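A short worksheet on the structure shown next.
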Amino acid sequence: MAHAPQEQQAGIKGWIEYRLPVFSFINNSLGNNYPAPRNLNYWWNFGSIAGICLVIQILTGLFLSMHYTAHVSMAFNSVEGIMRDVNYGWLMRYTHAVGSSMFFVVVYIHICRGLYYGSYKAPREILWWLGLVIFLLMMATAFMGYVLPWGQMSFWGATVITNLFSAIPVVGESIVHLLWGGFSVDNPTLNRFFSLHFLLPFAIVGVVVLHIWALHQHGSNNPLGIDVKGKQDIIPFHPYYTYKDFFGFGLFFMVFAWFIFFAPNSLGHPDNYIPANPMVTPAHIVPEWYFLPFYAILRSIPDKLLGVLAMFGSLLIMFVLPWIDRSKVRSGNFRPLFQKLYWVFILNAIVLGYVGSQAADWGVLYSFMSNGQSILDISVGRIATAIYFAYFPVLWFISGCEKTLPLPASISEAVLAKSKTENSNAHH
């Protein structure tokens, strides 16, 4: 059955819109027709900044792939060739390398904002899950990208991390050999990782589309954590939040540019400027900084299988967070006990990151009896790991009995009350 013809707008824009309604789609998604809570603060900028980071990584990655050679005897030299012989190759390489770190900084802040303001609570559970899937895909993509320069840390990092799968009973060794494409990290491994590193960003784009779709289903959360009550609680996304986002973009690109032009290697490891040598093991094998908290959890448990389970469990437990946190109040602003627990969790994650960057025997606490015999041998990493996992049962407990502060009746009421207070203070 044919649809009734719609009135066609004038001009080229109208001609395109009549045949492919792309402009109305953009307007409904990010323009005047997309309603957003009127009290979003700058912590909400990081979602759009993460999207910019993804675009930068894909574009610079496409350029680098044109000049990179995925072969163990040529990979290192091809990267050096990009840096020295390709016009602006150094800029593309540094933008891509620094961009991965900036991407993780932005996503970590985005996740922390979601944790504090309860953005994982109903009805946004699937939105939260899709965000975690994006994060896991980012980690896989970044790990495989770290292998491609084929320096010392690339080779040995790949060897250590892929060997973790051997801890899985029965099928572990088969998984490792499948990843390697043989019996050691070699040319087939590099080819596999290059192919997946090229492919996974496009998978991330697909999940990002689903993430935005899920976001628009129930709208953005807000700092108050309360639902929109009416038109007085919303404003159009454009121009209000697009201008706010562009201000955030400006600050972000200032930091990004500083790292690219003044400290491009500060976030990497110097050993990766040494060609991979299977016969020489680095004194201290460490992953990139954004993996360090999980690396610390892995190392804190002496049993290999339990360490692997703890490392992956530290990520997977986030998927059930909407049911662990039983409080009906979303925002941490109205939850005094949760605020304290949240900041302990964040500081502990930073401690885990530092522990992961240190040598394996760093931070061991000893307690001696009178005869000098050690009765305690517990690393800082083990304590921090215990605190990390203790966060979730403690959150489950306090969320069921915490006395929360009273919530505002509506977003507009809170915004107007804040505005009156600020005006009163300004006059005084």
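The values are calculated or read from the model by the stated rules, or taken from the named source; none is laboratory data. It should be emphasised that the depicted structure is a prediction, and the values quoted were computed from it without experimental measurement. Note that each Cβ is placed from the backbone with ideal geometry, even for glycine, and that neighbours are counted across all protein chains shown.
I need a count of the residues in segment 259-282 that are aromatic (Phe, Trp, Tyr) and either at pLDDT below 95 or surrounded by 12 or more Cβ atoms within 10 Å (Cβ to Cβ) (or both). Spell out the reasoning first.
Kept after step one, since they are aromatic (Phe, Trp, Tyr), are these residues of segment 259-282: 259, 261-262, 273.
Within this subset, residues satisfying the condition of being either at pLDDT below 95 or surrounded by 12 or more Cβ atoms within 10 Å (Cβ to Cβ) (or both) are 259, 273.
Matching residues across segment 259-282 total 2.
Quick test of your reading of the structure: Tyr295 fulfils all but one of (1) over 30 Å from Phe76 (Cβ atoms); (2) outside the structural domain of Val105 (by TED's automatic domain parsing); (3) touching a Pro at 6+ places or on another chain (Cβ under 6 Å). Name the failing condition by number.
Unmet condition: (1).
Count, please, the residues in segment 293-303 that happen to be surrounded by fewer than 19 Cβ atoms within 10 Å (Cβ to Cβ) and aliphatic (A, V, I, L, M).
1
Is it true that some residue in segment 95-103 is farther than 14 Å from Gly145 by Cα, β-branched (Val, Ile, Thr) and either touching a residue at least 12 places away in the same chain (Cβ under 8 Å) or in a helix (DSSP H, G or I) (or both)?
Among the residues of segment 95-103, not one is farther than 14 Å from Gly145 by Cα, β-branched (Val, Ile, Thr) and either touching a residue at least 12 places away in the same chain (Cβ under 8 Å) or in a helix (DSSP H, G or I) (or both), which makes the answer no.
Residue check, Ser266 against (1) within 30 Å of Met144 (Cβ to Cβ); (2) part of a helix (DSSP H, G or I); (3) free of Cβ contacts under 8 Å to residues at least 24 places away in the same chain, all met but one. Which one?
With respect to (1) within 30 Å of Met144 (Cβ to Cβ); (2) part of a helix (DSSP H, G or I); (3) free of Cβ contacts under 8 Å to residues at least 24 places away in the same chain, Ser266 is out only on (2).
If you check Gly157 against the conditions, is it crowded, with 18+ Cβ neighbours inside 10 Å, in a helix (DSSP H, G or I) and modelled with pLDDT under 95?
It is true that Gly157 is crowded, with 18+ Cβ neighbours inside 10 Å, in a helix (DSSP H, G or I) and modelled with pLDDT under 95.
Exactly one of these conditions fails for Lys328: (1) within 19 Å of the chain's Cα centre (by Cα); (2) without any contact (Cβ under 8 Å) to a residue 24 or more places away in the chain; (3) farther than 23 Å from Pro169 by Cα. Give me its number.
Unmet for Lys328, out of (1) within 19 Å of the chain's Cα centre (by Cα); (2) without any contact (Cβ under 8 Å) to a residue 24 or more places away in the chain; (3) farther than 23 Å from Pro169 by Cα: (1).
Being more than 17 Å from the chain's Cα centre (by Cα) and crowded, with 17+ Cβ neighbours inside 10 Å is the filter here; which residues of segment 283-292 pass it?
Ile285, Val286
Let's see how each residue does on (1) under 29 Å from Lys231 (Cβ atoms); (2) surrounded by fewer than 16 Cβ atoms within 10 Å (Cβ to Cβ):
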site: Gly11; (1), (2): no, yes
site: Ile16; (1), (2): no, yes
site: Arg19; (1), (2): no, yes
site: Phe23; (1), (2): yes, yes
site: Asn27; (1), (2): yes, no
site: Pro37; (1), (2): yes, no
site: Trp44; (1), (2): yes, no
site: Ile49; (1), (2): yes, no
site: Ile52; (1), (2): no, no
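Only one of these is in the same structural domain as Pro278 (by TED's automatic domain parsing), touching a Phe, Trp or Tyr at 6+ places or on another chain (Cβ under 8 Å) and among the hydrophobic types (A, V, I, L, M, F, W, C): Val170, Val160, Val147. Name it.
Val147
I'd like to know if segment 310-317 contains one or more residues that are among the polar types (S, T, N, Q), closer than 26 Å to Phe143 by Cβ and at pLDDT 95 or above.
Of segment 310-317, the ones among the polar types (S, T, N, Q) are 314.
Checking the rest, the ones that are also closer than 26 Å to Phe143 by Cβ come to 314.
Narrowing further to those that are at pLDDT 95 or above: 314.
Within segment 310-317, one or more residues are among the polar types (S, T, N, Q), closer than 26 Å to Phe143 by Cβ and at pLDDT 95 or above.
Exactly one condition in (1) assigned to a helix (DSSP H, G or I); (2) closer than 30 Å to Lys418 by Cβ; (3) among the aliphatic types (A, V, I, L, M); (4) touching a Ser or Thr at 6+ places or on another chain (Cβ under 9 Å) is false for Leu215; which is it?
Unmet condition: (4).
Tell me whether segment 102-119 contains one or more residues that are surrounded by fewer than 16 Cβ atoms within 10 Å (Cβ to Cβ) and more than 10 Å from the chain's Cα centre (by Cα).
No, because not a single residue in segment 102-119 is surrounded by fewer than 16 Cβ atoms within 10 Å (Cβ to Cβ) and more than 10 Å from the chain's Cα centre (by Cα).
On the given criteria, is Asp245 in contact with a strand residue (DSSP E or B) (Cβ under 9 Å, 6 or more places away or on another chain), surrounded by 13 or more Cβ atoms within 10 Å (Cβ to Cβ) and farther than 17 Å from Phe104 by Cα? If you could, list the steps in order and put the result at the bottom.
On the way: in contact with a strand residue (DSSP E or B) (Cβ under 9 Å, 6 or more places away or on another chain): no; surrounded by 13 or more Cβ atoms within 10 Å (Cβ to Cβ): yes; farther than 17 Å from Phe104 by Cα: yes.
So Asp245 does not fit the description; no.
With Leu316, Leu347, Leu306 as the choices, which residue is surrounded by fewer than 16 Cβ atoms within 10 Å (Cβ to Cβ), free of Cβ contacts under 8 Å to residues at least 12 places away in the same chain and more than 20 Å from Ala167 (Cα to Cα)?
None of the others qualify; the one that does is Leu347.
Which condition number does Val72 fail, the rest of (1) within 17 Å of Gly268 (Cβ to Cβ); (2) not in a helix (DSSP H, G or I) being met?
Of (1) within 17 Å of Gly268 (Cβ to Cβ); (2) not in a helix (DSSP H, G or I), only one is false for Val72: (1).
Determine which single condition Val255 fails, assuming it passes every other condition in (1) in contact with a Pro (Cβ under 9 Å, 6 or more places away or on another chain); (2) among the aliphatic types (A, V, I, L, M); (3) closer than 16 Å to Tyr94 by Cβ.
Among (1) in contact with a Pro (Cβ under 9 Å, 6 or more places away or on another chain); (2) among the aliphatic types (A, V, I, L, M); (3) closer than 16 Å to Tyr94 by Cβ, Val255 violates only (1).
Inside segment 162-184, can you point out the residues that are surrounded by 12 or more Cβ atoms within 10 Å (Cβ to Cβ), among the aliphatic types (A, V, I, L, M) and in a loop (DSSP other than H, G, I, E, B)?
Within segment 162-184, Ile168 is the sole residue that qualifies.
To keep it simple, each residue is scored yes or no on (1) small (Gly, Ala, Ser); (2) in a loop (DSSP other than H, G, I, E, B); (3) touching a residue at least 24 places away in the same chain (Cβ under 8 Å).
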{"position": "Phe194", "(1), (2), (3)": "no, no, yes"}
{"position": "Leu200", "(1), (2), (3)": "no, no, yes"}
{"position": "Val205", "(1), (2), (3)": "no, no, yes"}
{"position": "Leu210", "(1), (2), (3)": "no, no, yes"}
{"position": "Gln232", "(1), (2), (3)": "no, no, yes"}
{"position": "Phe252", "(1), (2), (3)": "no, no, yes"}
{"position": "Ala257", "(1), (2), (3)": "yes, no, no"}
{"position": "Ala283", "(1), (2), (3)": "yes, yes, no"}
